[in-house]
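The values are calculated or read from the model by the stated rules, or taken from the named source; none is laboratory data. Every value quoted in this text rests on a predicted model; they were computed, and no experiment measured them. FYI the Cβ positions are ideal-geometry reconstructions off the backbone, even for glycines, and counts take in every protein chain you see.
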Amino acid sequence: MRVKSNVNRSPLGLTVTAVAVLIFLHFPFFIVMLYAFTTDETTFTFPPPGLTTRWFGVAMNRADLWPALFLSLKVAIIATAVALVLGTLAAAAVYRSRFFGREAISFLLVLPIALPGIVTGIALRSMMGLTNIPFSFWTIVIGHATFCVVVVYNNAIARFRRTGRSQLEASADLGADGFQTFRYVVLPNLATALVAGGMLAFALSFDEVIVTTFTAGQQSTLPIWIFSQLTRPRDRPVTNVVAFLVVTITAVPILLAHYMTQDARES
Amino acid sequence: MTFAIEFNNVSRHFGEVRAVDDVSFTVRDGEFFTLLGPSGSGKTTCLRMIAGFEQPTAGRIVLYGRDVTTLPAYDREVNTVFQDYALFPHMTVGDNIGYGLMVRKVPKPERERQVAEMLKLVRLPGMERRKPSQLSGGQRQRVALARALINHPKVLLLDEPLGALDLKLRQQMQVELKAIQHEVGITFIFVTHDQEEALTMSDRIAVFDMGQIVQIGAPSDLYERPRTRFVAGFVGTSNILSGETAVTITGSAQPFSVRPEKIRLVDVATAVPAAHCAIEGQVQDVVYVGMHTRYTVALPSGEEMIVVQQNMDVTPQNGTAVRGKAVRLVWPRAANNVLEEAIG
């Protein structure tokens, strides 16, 4: 009987391990947030000698911070939008039709995420050098789109495979043309996969450093700005304030996406 | 006379594989027409070509006098009940059934009225708000049927629609499908590999084997007069006799088939009546099925024959037919069905 009553309870060892891993994963966030409030401005000591909200004000007044943040947001939004369109179309093509080189295209689409970012970065840089394309907002977007397309493509094709062909046939059979089938059957089925893929693409783009350093030229995105701050000992907690804001801002869409996909799964 | 469907020398090849090979047949208006065959025999491919999901490699398909061979699926006046039902999981039952009207821009109130009517037809009134995931297999099947019927197709295509249901429900749906067909009065094309289902439901059956039609006929034609060894074996059970054994029985080596229930088991001392065939053998195996008993009888030549007897005067219980007993098999000469094949 004792065994039976314990069926739904995890063993103590497992619980302790799970909690330990969660702390290990999330404790650094806590540290980053804590030092956004420290009174110590050059070196971090534990525990912080005192707490202040002064750095928020300092961060607000930093003229170089805001363009970097907006550039990152703009790049992430546009790269995600591009990835959503191209990734969905590529997934639809690879799923629905059979053509020469289908497997090769599928492989080439996924390759950028497997390649080290530095390879992608150097490749893009040399291509831009060879073709004399000047560095701009769009060169960053192109760089980011290479791996953003992959995550959308992967999510979309997995959903296509799960949806099954007969639903598309049923729609056509009932008189829907290609556009109507896409609008009423494909898209609703795909929606949660696209939300998840889009979120991931956005997050990947937003904190990308390596490819960006090769395609940005003199522009600095937020991660590059933060990176550059680490070498400047003054006003250190400003970096932490920015990280604090970034975590808060990105948490909102992640939670939204989580709840949206959960609803879709229940129904 | 205009036929509901005409297949004129239709072929569908997938590379080297001839899924459908030069098939011709016609279906009459209002008929319950079944495509019967083992898996891979080409029956489903034929159905999919009528629906427009597959294009014939050669030949023409005509629907009520109109050549639809190259018409896309959404322009054909046929609708399909899919094997896996293919209901849209993100839509309610009502939206699933009304889908065909919705894409044709039928206004909502009219749509709702027709959906309610369809739900009544398939005996699921008031189920509009449910999601497909909340329905049982039998209910999903009815929703799929209602969804396909709401467009008032000229022909309804059914791709093994009862395959996923258990036996009881399947038999119930067989009766209901026939009743619904009577009510709506449209032509049904039904695909199945279940010969009993085909015999029960169809006006006529086309038997498929290896991409070709081997015989078309009413259920009783197919059962009583199978033309080939394949049909004799696939539709019901048959004893197929040829060579020496055939000579012993009929005096000719021409192969023929005889159904197990046409044969009577009698004592070896019993005389053979006029116009009857007879052969002696030994009971090898006895399977009691309740309504009847199935006997396997070994002939002197080593061949085996299946005999089915109602449990009346000859039964395993009263000792008249037990394993190892020598018996005489007697059947009317008229029960012999000559097969169309060369004497080999």
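Can you tell me which of (1) at pLDDT below 95; (2) over 30 Å from B:Gly15 (Cβ atoms); (3) part of a helix (DSSP H, G or I); (4) within 13 Å of another protein chain (Cβ to nearest Cβ) is the one B:Arg130 doesn't meet?
(3) is the only condition that B:Arg130 fails.
Take the residues in segment A:94-135 that are hydroxyl-bearing (Ser, Thr, Tyr) and closer than 19 Å to A:Ile210 by Cβ, then tell me which one is surrounded by the fewest Cβ atoms within 10 Å (Cβ to Cβ).
Filtering segment A:94-135 for residues hydroxyl-bearing (Ser, Thr, Tyr) gives A:95, A:97, A:106, A:120, A:126, A:131.
Applying the additional criterion that residues be closer than 19 Å to A:Ile210 by Cβ yields A:120, A:126.
Numbers: A:Thr120: 20, A:Ser126: 11.
The extreme case among them is A:Ser126.
Scan segment A:21-39 and give yes if some residue there is surrounded by 14 or more Cβ atoms within 10 Å (Cβ to Cβ), in contact (Cβ under 8 Å) with a residue 40 or more places away in the chain and touching a His at 6+ places or on another chain (Cβ under 8 Å), otherwise no.
no
Output the residue which, of all residues in segment B:226-253 that are part of a loop (DSSP other than H, G, I, E, B) and over 23 Å from B:Ala278 (Cβ atoms), is nearest to the chain's Cα centre (by Cα). Can you show your working first?
Our first condition is that a residue be part of a loop (DSSP other than H, G, I, E, B); within segment B:226-253, this holds for B:226-228, B:235-238, B:242, B:251-253.
In the following step, the residues that additionally are over 23 Å from B:Ala278 (Cβ atoms) were identified as B:227-228, B:235.
Values: B:Arg227: 16, B:Thr228: 17, B:Val235: 8 Å.
Taking the candidates together, the pick is B:Val235.
Check A:Arg159, A:Arg165, A:Arg183 and return the single one that is surrounded by 19 or more Cβ atoms within 10 Å (Cβ to Cβ), more than 22 Å from A:Val247 (Cα to Cα) and among the basic types (Lys, Arg).
On the way: A:Arg165 fails: surrounded by 19 or more Cβ atoms within 10 Å (Cβ to Cβ); A:Arg183 fails: surrounded by 19 or more Cβ atoms within 10 Å (Cβ to Cβ).
Testing whether each residue is surrounded by 19 or more Cβ atoms within 10 Å (Cβ to Cβ), more than 22 Å from A:Val247 (Cα to Cα) and among the basic types (Lys, Arg) leaves just A:Arg159.
Residue by residue through segment B:114-137, note down the ones that are in contact with a helix residue (DSSP H, G or I) (Cβ under 8 Å, 6 or more places away or on another chain) and either of a type in the set (S, T, N, Q) or touching a residue at least 60 places away in the same chain (Cβ under 8 Å) (or both). Walk me through it before giving the result.
Within segment B:114-137, the first condition is being in contact with a helix residue (DSSP H, G or I) (Cβ under 8 Å, 6 or more places away or on another chain), and the residues that meet it are B:114-115, B:118-119, B:121-132, B:135, B:137.
Listed by number, the residues that qualify are B:Gln114, B:Leu121.
Working only within segment B:37-58, note down all residues that are assigned to a loop (DSSP other than H, G, I, E, B) and surrounded by 22 or more Cβ atoms within 10 Å (Cβ to Cβ).
Initial filter on segment B:37-58 (assigned to a loop (DSSP other than H, G, I, E, B)): B:37-42, B:52-57.
Those that are assigned to a loop (DSSP other than H, G, I, E, B) and surrounded by 22 or more Cβ atoms within 10 Å (Cβ to Cβ): B:Gly37, B:Ser41, B:Gly42, B:Gly52.
From B:Ile205, B:Ile216, B:Ile189, B:Ile180, which residue is within 14 Å of another protein chain (Cβ to nearest Cβ) and either over 21 Å from A:Ser166 (Cα atoms) or surrounded by 17 or more Cβ atoms within 10 Å (Cβ to Cβ) (or both)? It would help to see each step written out before you state the result.
Working: B:Ile205 fails: within 14 Å of another protein chain (Cβ to nearest Cβ); B:Ile216 fails: within 14 Å of another protein chain (Cβ to nearest Cβ); B:Ile180 fails: within 14 Å of another protein chain (Cβ to nearest Cβ).
Residue meeting the stated conditions: B:Ile189.
Out of A:Asp177, A:Asp173, which single residue is surrounded by fewer than 17 Cβ atoms within 10 Å (Cβ to Cβ) and either within 14 Å of chain B (Cβ to nearest Cβ) or β-branched (Val, Ile, Thr) (or both)? Full working, then the answer.
On the way: A:Asp173 fails: surrounded by fewer than 17 Cβ atoms within 10 Å (Cβ to Cβ).
Checking each option against the conditions leaves just A:Asp177.
Among the residues of segment A:182-191, count how many are more than 10 Å from chain B (Cβ to nearest Cβ) and either among the β-branched types (Val, Ile, Thr) or outside any helix (DSSP H, G or I) (or both).
Total satisfying the criteria: 1.
Which residues, counting only those in segment B:1-16, are farther than 15 Å from B:Thr44 by Cα and not in a loop (DSSP other than H, G, I, E, B)? Explain how you work it out, then say what you get.
Pass one, segment B:1-16, residues farther than 15 Å from B:Thr44 by Cα: B:1-6, B:8-9, B:15-16.
Passing the criteria: B:Ile5, B:Glu6, B:Asn8, B:Asn9.
Would you confirm, using the coordinates I've provided, whether B:Ala116 is at pLDDT 90 or above, more than 22 Å from the chain's Cα centre (by Cα) and not in a strand (DSSP E or B)?
Values: at pLDDT 90 or above: yes; more than 22 Å from the chain's Cα centre (by Cα): yes; not in a strand (DSSP E or B): yes.
For B:Ala116, the condition - at pLDDT 90 or above, more than 22 Å from the chain's Cα centre (by Cα) and not in a strand (DSSP E or B) - is met.
So B:Thr237 ticks every box in (1) out of contact with any helix residue (DSSP H, G or I) (no Cβ under 9 Å at 6 or more places or on another chain); (2) under 28 Å from B:Glu340 (Cβ atoms); (3) among the polar types (S, T, N, Q) but one. Which box is left unticked?
The one condition B:Thr237 does not meet is (1).
Any residue in segment A:235-257 that is under 19 Å from the mean Cα position of the chain (by Cα) and not in a helix (DSSP H, G or I)?
Of segment A:235-257, the ones under 19 Å from the mean Cα position of the chain (by Cα) are A:242-257.
From what's left, not in a helix (DSSP H, G or I): none.
No, segment A:235-257 has no match at all.
Answer yes if at least one residue in segment A:160-170 is away from chain B (no Cβ under 14 Å) and not polar (S, T, N, Q), and no otherwise. Please lay out each step first, then the result.
Kept after step one, since they are away from chain B (no Cβ under 14 Å), are these residues of segment A:160-170: A:160-161.
Next, from what is left, pick out any that are not polar (S, T, N, Q): A:160-161.
Yes: segment A:160-170 contains one or more residues that are away from chain B (no Cβ under 14 Å) and not polar (S, T, N, Q).
Given (1) closer than 30 Å to A:Ala201 by Cβ; (2) not in a helix (DSSP H, G or I), identify the lone condition not met by A:Pro49.
Condition not satisfied by A:Pro49: (1).
Within the bounds of segment A:133-149, is there any residue that is within 17 Å of A:Tyr95 (Cα to Cα) and assigned by TED's automatic domain parsing to the domain that holds A:Glu103? So that I can check it myself, show each step before the final result.
In the first step, residues of segment A:133-149 are kept if they are within 17 Å of A:Tyr95 (Cα to Cα); the result is A:149.
Within this subset, residues satisfying the condition of being assigned by TED's automatic domain parsing to the domain that holds A:Glu103 are A:149.
Within segment A:133-149 (the criterion being within 17 Å of A:Tyr95 (Cα to Cα) and assigned by TED's automatic domain parsing to the domain that holds A:Glu103), the answer is yes, since at least one residue qualifies.
Determine which member of the set A:Val119, A:Val58 is over 27 Å from A:Ala191 (Cα atoms) and in contact with an Asp or Glu (Cβ under 7 Å, 6 or more places away or on another chain).
On the way: A:Val119 fails: in contact with an Asp or Glu (Cβ under 7 Å, 6 or more places away or on another chain).
Selected residue: A:Val58, the only one of A:Val119, A:Val58 that is over 27 Å from A:Ala191 (Cα atoms) and in contact with an Asp or Glu (Cβ under 7 Å, 6 or more places away or on another chain).
Test of understanding: among B:Pro255, B:Pro260, which residue is at pLDDT 90 or above, buried (at least 18 other Cβ atoms within 10 Å of the Cβ), touching a helix residue (DSSP H, G or I) at 6+ places or on another chain (Cβ under 9 Å) and not hydrophobic (A, V, I, L, M, F, W, C)?
B:Pro255
Within segment B:59-94, take every residue that is part of a strand (DSSP E or B) and over 24 Å from A:Asn189 (Cβ atoms) and give me the one that is nearest to the other protein chains (Cβ to nearest Cβ). Please lay out each step first, then the result.
Taking segment B:59-94 and keeping what is part of a strand (DSSP E or B), we get B:59-63, B:66-67, B:78-81.
Remaining after also requiring over 24 Å from A:Asn189 (Cβ atoms): B:59-63, B:66-67, B:78.
Values: B:Gly59: 21, B:Arg60: 21, B:Ile61: 15, B:Val62: 19, B:Leu63: 14, B:Arg66: 16, B:Asp67: 19, B:Val78: 8 Å.
That would be B:Val78.
Would you say B:Thr34 is buried (at least 18 other Cβ atoms within 10 Å of the Cβ) and within 14 Å of chain A (Cβ to nearest Cβ)?
Values: buried (at least 18 other Cβ atoms within 10 Å of the Cβ): yes; within 14 Å of chain A (Cβ to nearest Cβ): no.
For B:Thr34, the condition - buried (at least 18 other Cβ atoms within 10 Å of the Cβ) and within 14 Å of chain A (Cβ to nearest Cβ) - is not met.
Please pick out the residue among B:Glu261, B:Glu280 that is in a strand (DSSP E or B), in contact (Cβ under 8 Å) with a residue 24 or more places away in the chain and touching a strand residue (DSSP E or B) at 6+ places or on another chain (Cβ under 8 Å). If you could, list the steps in order and put the result at the bottom.
Numbers: B:Glu261 fails: in a strand (DSSP E or B).
So the residue among B:Glu261, B:Glu280 that is in a strand (DSSP E or B), in contact (Cβ under 8 Å) with a residue 24 or more places away in the chain and touching a strand residue (DSSP E or B) at 6+ places or on another chain (Cβ under 8 Å) is B:Glu280.
Out of the residues in segment B:37-58 that are over 21 Å from B:Met210 (Cβ atoms) and out of contact with any Ser or Thr (no Cβ under 8 Å at 6 or more places or on another chain), state the one that is farthest from the other protein chains (Cβ to nearest Cβ).
B:Gly52
Please go through (1) surrounded by 21 or more Cβ atoms within 10 Å (Cβ to Cβ); (2) under 19 Å from the mean Cα position of the chain (by Cα); (3) free of Cβ contacts under 8 Å to residues at least 60 places away in the same chain for B:Arg111 and return the number of the only condition it doesn't satisfy.
Going through the list (1) surrounded by 21 or more Cβ atoms within 10 Å (Cβ to Cβ); (2) under 19 Å from the mean Cα position of the chain (by Cα); (3) free of Cβ contacts under 8 Å to residues at least 60 places away in the same chain, B:Arg111 breaks only (2).
Looking at segment A:78-94, can you tell me whether even one residue there is small (Gly, Ala, Ser), within 16 Å of the chain's Cα centre (by Cα), within 30 Å of A:Arg236 (Cα to Cα) and in a helix (DSSP H, G or I)?
In the first step, residues of segment A:78-94 are kept if they are small (Gly, Ala, Ser); the result is A:79, A:81, A:83, A:87, A:90-93.
In the following step, the residues that additionally are within 16 Å of the chain's Cα centre (by Cα) were identified as A:79, A:81, A:83, A:87.
Still in the running and within 30 Å of A:Arg236 (Cα to Cα): none.
So far as segment A:78-94 goes, no, none of its residues is small (Gly, Ala, Ser), within 16 Å of the chain's Cα centre (by Cα), within 30 Å of A:Arg236 (Cα to Cα) and in a helix (DSSP H, G or I).
Return yes when B:Met118 is away from every other protein chain (no Cβ under 14 Å) and either hydrophobic (A, V, I, L, M, F, W, C) or under 24 Å from B:Arg170 (Cα atoms) (or both) and no when it is not.
Values: away from every other protein chain (no Cβ under 14 Å): no; either hydrophobic (A, V, I, L, M, F, W, C) or under 24 Å from B:Arg170 (Cα atoms) (or both): yes.
No.
For (1) on the phi > 0 side of the Ramachandran plot; (2) part of a helix (DSSP H, G or I), each residue gets a yes or a no:
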position: A:Ala123; (1), (2): no, yes
position: A:Gly143; (1), (2): no, yes
position: A:Asn154; (1), (2): no, yes
position: A:Gln180; (1), (2): no, yes
position: A:Leu204; (1), (2): no, yes
position: A:Glu208; (1), (2): no, no
position: A:Gly217; (1), (2): yes, no
position: A:Trp225; (1), (2): no, yes
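With respect to the numbered conditions (1) without any contact (Cβ under 8 Å) to a residue 60 or more places away in the chain; (2) among the aliphatic types (A, V, I, L, M); (3) crowded, with 20+ Cβ neighbours inside 10 Å, which one is the sole condition not fulfilled by B:Leu199?
(3)
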